[in-house]
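Chemist: I'd like to ask some things about the structure below.
The values are calculated or read from the model by the stated rules, or taken from the named source; none is laboratory data. None of these values were measured; they are calculated from a predicted model. Because the Cβ atoms are built from the backbone with ideal geometry, glycine has one as well, and the counts that use them run over all protein chains shown. Heavy atoms of the whole protein, side chains included, go into the accessibility calculation; ligands, DNA and RNA do not. Shrake-Rupley method; radii C 1.70, N 1.55, O 1.52, S 1.80 Å.
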Amino acid sequence: MIPPSVKSPSHDRHGTIRASVADVQFTLLLTVGLVVMVIFVFLAEVLATVIPSVALPLAVIGTFGIMKLAGFTWTTFR
């Protein structure tokens, strides 16, 4: 709780934080896209590219799921 004597927060950083989260999301999607393209260039087969293309997001989602089950939060790594 903020004491009644405080009129407003001195620094509102929600805009900066939202922009940072959006930037991380964009970078993650761009990275996945580039990885899939590189895999396709080296394998030169669509079917062989689909398997790693599905495995990559599943690995990321699984990692975050295990971290959540283990009790890790964003404050754990500060």
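Chemist: Would you check which residues across segment 51-65 are within 15 Å of the chain's Cα centre (by Cα) and either open to solvent by 100 Å² or more (accessible area, probe 1.4 Å) or of a type in the set (S, T, N, Q) (or both) and list them?
Modeler: Filtering segment 51-65 for residues within 15 Å of the chain's Cα centre (by Cα) gives 56-65.
Those that are within 15 Å of the chain's Cα centre (by Cα) and either open to solvent by 100 Å² or more (accessible area, probe 1.4 Å) or of a type in the set (S, T, N, Q) (or both): L58, I61, T63, F64.
Chemist: Taking the stated definitions as given, is A48 among the small types (G, A, S), surrounded by 10 or more Cβ atoms within 10 Å (Cβ to Cβ) and modelled with pLDDT under 90?
Modeler: yes
Chemist: Still on this structure: Considering (1) among the polar types (S, T, N, Q); (2) open to solvent by less than 70 Å² (accessible area, probe 1.4 Å); (3) part of a loop (DSSP other than H, G, I, E, B), say which one S5 fails and leave the rest.
Modeler: Every listed condition holds for S5 apart from (2).
Chemist: Evaluate the following for A44: is it of a type outside the set (S, T, Y) and on the phi > 0 side of the Ramachandran plot?
Modeler: yes
Chemist: Could you please give the count of residues in segment 8-22 that are assigned to a helix (DSSP H, G or I) and open to solvent by 90 Å² or more (accessible area, probe 1.4 Å)?
Modeler: Taking segment 8-22 as the starting set, the residues that turn out to be assigned to a helix (DSSP H, G or I) are 14-22.
Add one more test, that the residue is open to solvent by 90 Å² or more (accessible area, probe 1.4 Å), and what stays is 14, 17-18.
Summing the residues that are assigned to a helix (DSSP H, G or I) and open to solvent by 90 Å² or more (accessible area, probe 1.4 Å) in segment 8-22 gives 3.
Chemist: When you go through (1) surrounded by 11 or more Cβ atoms within 10 Å (Cβ to Cβ); (2) among the aromatic types (F, W, Y); (3) within 20 Å of the chain's Cα centre (by Cα) one by one for F40, which number turns out not to apply?
Modeler: Here F40 clears every test but (3).
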